[in-house]
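**Q** One structure follows; several queries about it will come next.
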Amino acid sequence: MKYLLMICGDESAEEYADAGCGGWTEEMTERGVITGGAGLRPPREATTVRVRDDELRITDGPFAETKEQIGGFVLIDCTDLDEAIEIAAKHPAAGYGTIEIRPVLEFPPT
């Protein structure tokens, strides 16, 4: 089953942006569970797009002001939620931020 790990943290997490994952990526790659992922630039560099009443609205920055922002994501393929939790708990960001795990909705190929 595929899960998305959303790596979240507050402004202080930005200091870890270039620190890497301390061997986590290599271990998970060796296990064959990582199928994709990337770090994200800071929220201040975001652009938000909305369409309301057929009008395009573009805003600099994130959609919402929150204490935690998504700093990156990893797509994993594992047996079940228990394994996804075990994988997320090993990620260094779990020690200074939050990792949200979400099952991925997969659509049949067209």
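**Q** Scan the range 65-110 residue by residue and report those that are assigned to a loop (DSSP other than H, G, I, E, B) and in contact (Cβ under 8 Å) with a residue 40 or more places away in the chain.
**A** Passing the criteria: Lys67, Glu68, Cys78, Thr79, Asp80, His91, Tyr96, Gly97, Val104, Glu106.
**Q** Which of the residues belonging to the range 1-41 are more than 16 Å from Ala88 (Cα to Cα) and either surrounded by 14 or more Cβ atoms within 10 Å (Cβ to Cβ) or at pLDDT 95 or above (or both)?
**A** Asp10, Ala13, Glu14, Tyr16, Ala17, Leu40
**Q** Right, next: Would you please name the residue that is modelled with the highest pLDDT, looking only at residues in the range 52-110 that are open to solvent by less than 80 Å² (accessible area, probe 1.4 Å) and among the polar types (S, T, N, Q)?
**A** Here the residue is Thr98.
**Q** Hey, another quick one. Just name the residue that is farthest from the chain's Cα centre (by Cα) out of those in the range 21-64 that are within 30 Å of Cys78 (Cα to Cα) and among the polar types (S, T, N, Q).
**A** My answer is Thr29.
The values are calculated or read from the model by the stated rules, or taken from the named source; none is laboratory data. The structure presented is a predicted model; accordingly, all values stated were derived computationally and were not measured. For neighbour counting, all protein chains shown are included, and Cβ atoms are generated from backbone atoms with ideal geometry for every residue, glycine included. We work out accessible area using only protein heavy atoms, side chains counted, and drop any ligands, DNA or RNA first. Shrake-Rupley method; radii C 1.70, N 1.55, O 1.52, S 1.80 Å.
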